[in-house]
Amino acid sequence: MFGMRFDIDCHYGLTKKLNPLLEVLDKYGIKATFFCVMGRDANLYEIFKLRILARKKTIKSNAMNPSGASLPPNLPKIIHTLSFPRYVGHTHPNILQKLVDSGHEVYPHGWSHIQWQRNIDNINLREHLDRCTESYYKIFGKYPIGFGSPGRVYNETALRLFDEYGFLFVGDMDGEKPFRVTPFNSIQIPVTLFKTIAQLRSENLDCDAIVDRYFQHIIGNYFSVIYEHPDNLDAFELMVLSKLFEKLTCNGIRSMTFGEIYDAVSGDC
Ligand SMILES: [Zn+2]
(Lines give C-alpha, C1' and ligand atoms only; values in the text may rest on other atoms or scores of the structure.)
Protein backbone atom coordinates (compact mmCIF):
# COMPACT_ATOMS: atom_id res chain seq x y z
CA MET A 1 0.00 0.00 0.00
CA PHE A 2 1.76 3.12 -1.26
CA GLY A 3 0.64 6.77 -1.14
CA MET A 4 2.14 9.91 -2.62
CA ARG A 5 1.44 13.12 -0.71
CA PHE A 6 2.08 16.68 -1.88
CA ASP A 7 1.73 19.70 0.40
CA ILE A 8 0.99 22.95 -1.42
CA ASP A 9 2.14 25.58 1.06
CA CYS A 10 2.12 28.73 -1.03
CA HIS A 11 0.85 30.60 -4.08
CA TYR A 12 4.13 29.99 -5.87
CA GLY A 13 3.81 26.21 -5.60
CA LEU A 14 0.18 26.23 -6.64
CA THR A 15 0.46 28.53 -9.63
CA LYS A 16 4.01 28.01 -10.90
CA LYS A 17 5.04 24.43 -10.21
CA LEU A 18 2.09 22.10 -10.67
CA ASN A 19 1.92 21.59 -14.43
CA PRO A 20 5.25 19.75 -14.91
CA LEU A 21 4.49 17.65 -11.84
CA LEU A 22 1.06 16.73 -13.19
CA GLU A 23 2.65 15.64 -16.46
CA VAL A 24 4.94 13.25 -14.59
CA LEU A 25 2.12 11.88 -12.45
CA ASP A 26 -0.11 11.44 -15.46
CA LYS A 27 2.61 9.73 -17.51
CA TYR A 28 2.93 6.95 -14.94
CA GLY A 29 -0.67 6.86 -13.73
CA ILE A 30 0.25 7.93 -10.21
CA LYS A 31 -2.76 9.20 -8.28
CA ALA A 32 -1.61 11.51 -5.50
CA THR A 33 -3.12 13.33 -2.55
CA PHE A 34 -2.64 17.09 -2.37
CA PHE A 35 -3.03 19.13 0.80
CA CYS A 36 -3.39 22.78 -0.14
CA VAL A 37 -3.30 25.93 1.98
CA MET A 38 -6.68 27.54 1.37
CA GLY A 39 -5.91 31.07 2.61
CA ARG A 40 -2.97 33.28 1.80
CA ASP A 41 0.78 33.38 1.91
CA ALA A 42 2.46 34.86 4.96
CA ASN A 43 3.28 38.56 4.75
CA LEU A 44 6.49 40.19 5.96
CA TYR A 45 4.98 41.23 9.29
CA GLU A 46 3.80 37.70 10.07
CA ILE A 47 7.12 36.21 9.08
CA PHE A 48 8.97 38.67 11.32
CA LYS A 49 6.57 38.29 14.22
CA LEU A 50 6.03 34.56 14.11
CA ARG A 51 9.32 33.28 12.79
CA ILE A 52 11.89 35.62 14.30
CA LEU A 53 10.29 36.91 17.49
CA ALA A 54 8.84 33.50 18.33
CA ARG A 55 12.08 31.66 17.70
CA LYS A 56 12.64 31.07 21.40
CA LYS A 57 9.22 29.53 21.88
CA THR A 58 8.85 25.81 22.00
CA ILE A 59 7.09 24.70 18.86
CA LYS A 60 4.90 21.63 19.06
CA SER A 61 6.11 20.20 15.83
CA ASN A 62 7.41 16.94 14.64
CA ALA A 63 10.81 17.12 13.05
CA MET A 64 10.57 18.88 9.72
CA ASN A 65 14.07 18.06 8.69
CA PRO A 66 15.12 14.89 10.48
CA SER A 67 18.35 14.75 8.52
CA GLY A 68 19.48 17.94 10.19
CA ALA A 69 20.98 18.99 6.89
CA SER A 70 20.68 22.63 5.95
CA LEU A 71 18.96 23.17 2.62
CA PRO A 72 19.70 25.96 0.14
CA PRO A 73 17.10 28.74 0.05
CA ASN A 74 14.58 28.61 -2.77
CA LEU A 75 15.12 32.16 -4.02
CA PRO A 76 12.43 32.25 -6.74
CA LYS A 77 9.85 31.15 -4.17
CA ILE A 78 11.07 33.64 -1.57
CA ILE A 79 11.00 36.53 -4.02
CA HIS A 80 7.61 35.50 -5.36
CA THR A 81 6.12 35.17 -1.90
CA LEU A 82 7.56 38.29 -0.33
CA SER A 83 7.05 40.59 -3.27
CA PHE A 84 3.29 40.50 -2.74
CA PRO A 85 1.66 37.90 -0.49
CA ARG A 86 -1.07 36.21 -2.44
CA TYR A 87 -4.02 33.97 -1.79
CA VAL A 88 -3.52 30.29 -2.37
CA GLY A 89 -6.29 27.66 -2.67
CA HIS A 90 -9.58 29.46 -2.39
CA THR A 91 -8.88 31.96 -5.17
CA HIS A 92 -7.73 29.26 -7.56
CA PRO A 93 -10.68 26.89 -7.85
CA ASN A 94 -9.80 25.97 -11.43
CA ILE A 95 -6.38 24.66 -10.44
CA LEU A 96 -7.75 22.61 -7.56
CA GLN A 97 -10.56 21.28 -9.73
CA LYS A 98 -8.02 20.31 -12.39
CA LEU A 99 -6.19 18.20 -9.82
CA VAL A 100 -9.39 16.37 -8.96
CA ASP A 101 -10.34 15.99 -12.62
CA SER A 102 -6.93 14.37 -13.16
CA GLY A 103 -7.78 11.68 -10.61
CA HIS A 104 -5.99 13.14 -7.59
CA GLU A 105 -7.47 14.09 -4.25
CA VAL A 106 -7.35 17.56 -2.70
CA TYR A 107 -7.83 18.47 0.95
CA PRO A 108 -7.14 21.62 3.00
CA HIS A 109 -3.72 22.27 4.48
CA GLY A 110 -4.88 25.06 6.78
CA TRP A 111 -5.85 28.66 6.05
CA SER A 112 -2.62 30.43 7.01
CA HIS A 113 0.30 28.00 7.12
CA ILE A 114 2.55 30.19 9.22
CA GLN A 115 -0.10 31.14 11.78
CA TRP A 116 -1.09 27.51 12.34
CA GLN A 117 2.42 26.15 12.37
CA ARG A 118 3.96 28.83 14.54
CA ASN A 119 1.13 29.90 16.76
CA ILE A 120 -1.43 27.11 17.01
CA ASP A 121 -2.14 27.63 20.71
CA ASN A 122 -3.05 31.30 20.22
CA ILE A 123 -5.15 31.35 17.06
CA ASN A 124 -8.87 30.75 16.77
CA LEU A 125 -8.80 27.21 15.38
CA ARG A 126 -12.54 27.09 14.81
CA GLU A 127 -12.42 30.25 12.71
CA HIS A 128 -9.42 28.88 10.87
CA LEU A 129 -11.17 25.58 10.07
CA ASP A 130 -14.41 27.38 9.16
CA ARG A 131 -12.54 29.33 6.52
CA CYS A 132 -10.86 26.19 5.21
CA THR A 133 -13.97 24.09 4.99
CA GLU A 134 -16.27 26.81 3.64
CA SER A 135 -13.83 27.79 0.90
CA TYR A 136 -13.41 24.11 0.04
CA TYR A 137 -17.18 23.71 -0.12
CA LYS A 138 -17.49 26.64 -2.53
CA ILE A 139 -15.07 24.94 -4.91
CA PHE A 140 -16.14 21.31 -4.68
CA GLY A 141 -19.71 21.49 -3.43
CA LYS A 142 -18.89 19.24 -0.50
CA TYR A 143 -16.98 19.48 2.73
CA PRO A 144 -13.52 17.90 3.02
CA ILE A 145 -13.15 14.49 4.63
CA GLY A 146 -9.41 14.93 5.13
CA PHE A 147 -7.04 17.56 6.48
CA GLY A 148 -3.29 18.02 6.68
CA SER A 149 -2.15 20.24 9.51
CA PRO A 150 0.42 22.87 8.44
CA GLY A 151 3.86 21.77 9.55
CA ARG A 152 2.15 18.66 10.99
CA VAL A 153 1.55 20.77 14.07
CA TYR A 154 -1.47 19.91 16.20
CA ASN A 155 -2.79 20.17 19.73
CA GLU A 156 -5.64 18.52 21.60
CA THR A 157 -8.11 21.22 20.59
CA ALA A 158 -7.27 20.63 16.93
CA LEU A 159 -7.74 16.88 17.25
CA ARG A 160 -11.13 17.40 18.87
CA LEU A 161 -12.18 19.84 16.17
CA PHE A 162 -11.08 17.46 13.40
CA ASP A 163 -13.75 15.05 14.60
CA GLU A 164 -16.30 17.84 14.90
CA TYR A 165 -15.64 18.97 11.33
CA GLY A 166 -16.03 15.44 10.04
CA PHE A 167 -12.47 14.78 8.94
CA LEU A 168 -12.19 11.02 8.48
CA PHE A 169 -8.43 11.16 8.16
CA VAL A 170 -5.66 13.62 8.94
CA GLY A 171 -1.94 13.57 8.40
CA ASP A 172 -0.23 14.97 11.46
CA MET A 173 1.58 12.31 13.41
CA ASP A 174 4.53 10.03 12.85
CA GLY A 175 3.82 6.36 12.33
CA GLU A 176 4.52 3.30 10.24
CA LYS A 177 0.90 2.67 9.26
CA PRO A 178 -2.52 4.33 9.64
CA PHE A 179 -3.79 4.45 13.20
CA ARG A 180 -6.46 5.99 15.39
CA VAL A 181 -5.65 7.97 18.53
CA THR A 182 -8.11 7.30 21.35
CA PRO A 183 -10.52 8.98 22.03
CA PHE A 184 -10.57 10.67 18.62
CA ASN A 185 -12.33 9.29 15.56
CA SER A 186 -10.20 10.55 12.72
CA ILE A 187 -7.52 8.21 11.43
CA GLN A 188 -3.93 9.34 11.16
CA ILE A 189 -2.39 8.54 7.78
CA PRO A 190 1.30 9.20 8.37
CA VAL A 191 4.17 10.01 6.07
CA THR A 192 6.45 7.03 6.62
CA LEU A 193 9.66 8.35 5.05
CA PHE A 194 9.95 11.93 6.12
CA LYS A 195 12.77 13.00 3.86
CA THR A 196 12.27 15.08 0.74
CA ILE A 197 14.37 14.74 -2.38
CA ALA A 198 16.23 17.93 -1.48
CA GLN A 199 17.05 16.57 1.97
CA LEU A 200 18.37 13.31 0.52
CA ARG A 201 20.32 15.23 -2.09
CA SER A 202 21.91 17.31 0.67
CA GLU A 203 23.22 14.01 2.04
CA ASN A 204 25.19 13.66 -1.21
CA LEU A 205 22.91 11.03 -2.75
CA ASP A 206 22.62 11.22 -6.53
CA CYS A 207 19.44 10.68 -8.54
CA ASP A 208 19.67 6.88 -8.76
CA ALA A 209 20.56 6.56 -5.07
CA ILE A 210 17.56 8.68 -4.05
CA VAL A 211 15.25 6.66 -6.29
CA ASP A 212 16.59 3.47 -4.74
CA ARG A 213 16.16 4.85 -1.22
CA TYR A 214 12.47 5.54 -1.86
CA PHE A 215 11.96 2.31 -3.79
CA GLN A 216 13.49 0.13 -1.08
CA HIS A 217 11.32 1.87 1.52
CA ILE A 218 8.18 1.30 -0.54
CA ILE A 219 8.78 -2.36 -1.38
CA GLY A 220 10.14 -3.10 2.10
CA ASN A 221 7.03 -1.99 3.95
CA TYR A 222 3.44 -3.09 3.77
CA PHE A 223 2.42 0.56 4.09
CA SER A 224 4.35 3.59 2.90
CA VAL A 225 3.75 7.25 2.16
CA ILE A 226 6.35 9.64 0.83
CA TYR A 227 5.83 13.36 0.44
CA GLU A 228 7.01 16.43 -1.38
CA HIS A 229 6.24 20.12 -1.86
CA PRO A 230 5.48 21.20 -5.44
CA ASP A 231 7.20 24.54 -4.82
CA ASN A 232 10.50 22.69 -4.34
CA LEU A 233 10.28 20.56 -7.47
CA ASP A 234 12.75 21.59 -10.15
CA ALA A 235 14.27 19.52 -12.96
CA PHE A 236 16.30 17.26 -10.68
CA GLU A 237 13.40 16.48 -8.37
CA LEU A 238 11.09 15.75 -11.30
CA MET A 239 13.71 13.40 -12.75
CA VAL A 240 13.84 11.53 -9.44
CA LEU A 241 10.07 11.23 -9.33
CA SER A 242 9.93 10.10 -12.97
CA LYS A 243 12.47 7.35 -12.38
CA LEU A 244 10.80 6.28 -9.15
CA PHE A 245 7.34 6.13 -10.69
CA GLU A 246 8.68 4.22 -13.68
CA LYS A 247 10.32 1.69 -11.37
CA LEU A 248 7.16 1.32 -9.32
CA THR A 249 5.07 0.84 -12.43
CA CYS A 250 7.47 -1.78 -13.82
CA ASN A 251 7.17 -3.67 -10.53
CA GLY A 252 3.38 -3.54 -10.51
CA ILE A 253 3.12 -1.15 -7.57
CA ARG A 254 0.28 1.31 -7.88
CA SER A 255 -0.36 4.36 -5.77
CA MET A 256 -3.38 4.84 -3.55
CA THR A 257 -4.96 8.15 -2.64
CA PHE A 258 -5.62 8.91 1.00
CA GLY A 259 -9.32 8.35 0.42
CA GLU A 260 -8.57 4.89 -0.95
CA ILE A 261 -6.20 4.17 1.94
CA TYR A 262 -8.90 5.23 4.40
CA ASP A 263 -11.43 2.92 2.77
CA ALA A 264 -8.95 0.05 2.90
CA VAL A 265 -7.83 0.44 6.52
CA SER A 266 -10.56 2.21 8.48
CA GLY A 267 -12.19 -1.03 9.57
CA ASP A 268 -8.96 -2.21 11.15
CA CYS A 269 -7.94 0.98 12.94
ZN1 LIG B 1 2.96 22.59 4.69
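Classify the range 135-269: rounded, prolate or oblate, from the alpha-carbon gyration tensor (a ≥ b ≥ c, eigenvalue square roots; a/c under 1.5 rounded; otherwise prolate if a/b is larger than b/c)? The shape class here is prolate.
Of the chymotrypsin sites (Phe, Trp or Tyr not before Pro) found in the range 199-266, those that fall in a DSSP loop while having at most 14 other beta-carbon atoms within 10 Å are Y222. Between F140 and N19, the FRET efficiency from the beta-carbon distance, with R0 = 30 Å, is close to 0.90. Loop-located trypsin sites (Lys or Arg not before Pro) in the range 199-269 (DSSP state other than H, G, I, E, B) with a sparse environment of at most 16 neighbouring Cβ atoms within 10 Å: R254. Classify the range 207-269: rounded, prolate or oblate, from the alpha-carbon gyration tensor (a ≥ b ≥ c, eigenvalue square roots; a/c under 1.5 rounded; otherwise prolate if a/b is larger than b/c)? Taking the square roots of the gyration eigenvalues as a ≥ b ≥ c, the range 207-269 is prolate.
Could you report the range 116-269's accessible area per residue, 1.4 Å probe, as an integer in Å²?
Accessible area per residue, the range 116-269: 44 Å².
The values are calculated or read from the model by the stated rules, or taken from the named source; none is laboratory data. Bear in mind that the values here come from a model prediction, so they are computed numbers and not experimental data. Don't worry about glycine lacking a Cβ; one is built from the backbone with ideal geometry, like all the others, and counts go over all protein chains shown. Side chains included, ligands, DNA and RNA excluded: accessible areas come from the protein's heavy atoms. Shrake-Rupley method; radii C 1.70, N 1.55, O 1.52, S 1.80 Å.
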